[in-house]
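Accompanying notes for the structure given below.
The values are calculated or read from the model by the stated rules, or taken from the named source; none is laboratory data. If you're wondering where the values come from, they're calculated on a predicted model, not measured in any experiment. When we count neighbours, we look across all protein chains shown, and the Cβ atoms used for this are built from the backbone with ideal geometry, even at glycine. With ligands, DNA and RNA removed, areas are computed over all heavy atoms of the protein, side chains included. Shrake-Rupley method; radii C 1.70, N 1.55, O 1.52, S 1.80 Å.
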Amino acid sequence: MALQQNTTRIQTTHIGSLPRPRRLLDLLKAKLSGGPLEQAAFETELTGAVIEVVRRQAECGIDVVTDGEFSKPGFFTYVQERLQGFEARPERNVTLFQKEVSAFPEYYAEYFKRAMLGGALVPLVPVVCVAPVRYRGTTALARDIENMKVAAAAVGIASDHVFLPATAPSGVGVNEYYQTEEAYLHAVAQELNKEYRGIVDAGLLVQVDDPFLPDIFVEPGLDDAQKARRAEIYVEATNAALSGIPAEKVRFHTCYGINEGPRLHEATLREIVPYVLKINAGSYSFEAANPRHEHEYHLFEDLNLPDGKVICPGVITHSSNIVEHPELIAERILRFANLVGRENVIAAADCGFSSQALYQTEVHDTVVWEKFKALRQGADLASARLWKH
């Protein structure tokens, strides 16, 4: 059996980000806005918050846990902390989800005021690469690893059931320094390898987050050949960043970026899965619990999952405050398990519940924990049926 495969029951996990405690949010905001901040107070608050959030995950029955991304205000900001060679460009407009937003301008104008990046602690500032990319996150990474190991040990969770998320090369700023986009992505990959290796060398799983891969397939102006080539470049860069790391120690996550919206203009799983499965990972997570993508489990009727690989389909969603019924969760798990094997399905969420540090998350903090309890209950129902003999 591969490291991440099931043996006696369906395991549960989630994608990483969780609502942060208010006291921690206040300290993060002070840190980001340049206000007075006592670093020792921040570190103490962070350590305690991670211990508590891991304890709550364990209480809800989550098998493979993480720190809620509590030290990261969001990946755009975290990149500046971990990598040098970038400068902020506050005057630069951020264009996201172009086709989707163009189709529903009134809805998204209102939505982005209160949700996602619009509700972040501080305004999103685009970053541009203007010098050689260099990794500088050693101290911050060591802190995150230590906090996570202490928290996991406190509730008896083994290191191989602990993961830390990190961004894929495609999620790092805009290039103005390297001659080509490909050269830029490989330079980023070389430096991110240091973060990925640091996580794995500490005995934990690394999760590579890439919500940008699906965007390629709905980007205006690209023909099919250009989409395919760009997707290949992303895959090549991610695998370069994973160089020297055993696949079984890697989780790869992709999603569609938007949480709650019409979501008519998104890639299909059929478009992206050939590239996803080229990533040197032991498991792959993707959205499968929202109404735009739930039907896509049928893809696995014709697709052969490579030996030893695991899928982590979303069976609870981050785009609704409705708590899924355990019976429905079990049905969703069984659809996949009956197609790819009971050992190859870990029950997960569609995406993170607070990709940016927000005072008011779209799914309320109290609802997230009920969703996790339902996730465990649904996984137990599915396990009873899959291992009944």
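Would you point out which residue out of Leu37, Leu28 is more than 30 Å from Asn280 (Cα to Cα), open to solvent by less than 60 Å² (accessible area, probe 1.4 Å), of a type outside the set (Asp, Glu) and assigned to a helix (DSSP H, G or I)?
Just one listed residue meets the conditions, Leu28.
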In segment 294-323, how many are closer than 23 Å to Lys373 by Cα and in contact with a Leu (Cβ under 8 Å, 6 or more places away or on another chain)? 3
Residue pairs, Cβ under 6 Å, 6 or more apart or interchain, first in segment 47-58 and under 15 Å from Val368 (Cα atoms), second part of a helix (DSSP H, G or I) and basic (Lys, Arg). List them. none
Please go through segment 220-258 and give me each residue that is within 18 Å of Arg292 (Cβ to Cβ), out of contact with any Cys (no Cβ under 6 Å at 6 or more places or on another chain) and at pLDDT below 95, ordered by number. Tyr256, Gly257, Ile258
Positions within segment 183-214 being buried (at least 21 other Cβ atoms within 10 Å of the Cβ) and part of a helix (DSSP H, G or I), in sequence order: Tyr184, Leu185, Ala187, Val188, Ala189, Glu191, Leu192, Glu195, Tyr196, Ile199, Pro214
Selection over segment 250-274 where residues are open to solvent by less than 30 Å² (accessible area, probe 1.4 Å) and under 17 Å from the mean Cα position of the chain (by Cα) yields a count of 13
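Can you name every residue in segment 99-133 that is loosely packed, with under 13 Cβ neighbours inside 10 Å and under 18 Å from Ser170 (Cα atoms)?
Ala131, Pro132 - these are the residues of segment 99-133 that are loosely packed, with under 13 Cβ neighbours inside 10 Å and under 18 Å from Ser170 (Cα atoms).
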Here the residues within segment 134-170 that are open to solvent by less than 10 Å² (accessible area, probe 1.4 Å) and either under 28 Å from Leu213 (Cβ atoms) or touching a Cys at 6+ places or on another chain (Cβ under 6 Å) (or both) are Gly137, Asp144, Met148, Val162, Phe163, Leu164, Pro165, Ala166, Thr167, Ala168, Pro169
If Ala231 passes every condition in (1) of a type outside the set (Ser, Thr, Tyr); (2) closer than 29 Å to Val150 by Cβ; (3) surrounded by fewer than 23 Cβ atoms within 10 Å (Cβ to Cβ) but one, which one does it miss? (2)
Evaluate the following for Asn338: is it open to solvent by 60 Å² or more (accessible area, probe 1.4 Å) and assigned to a helix (DSSP H, G or I)? yes
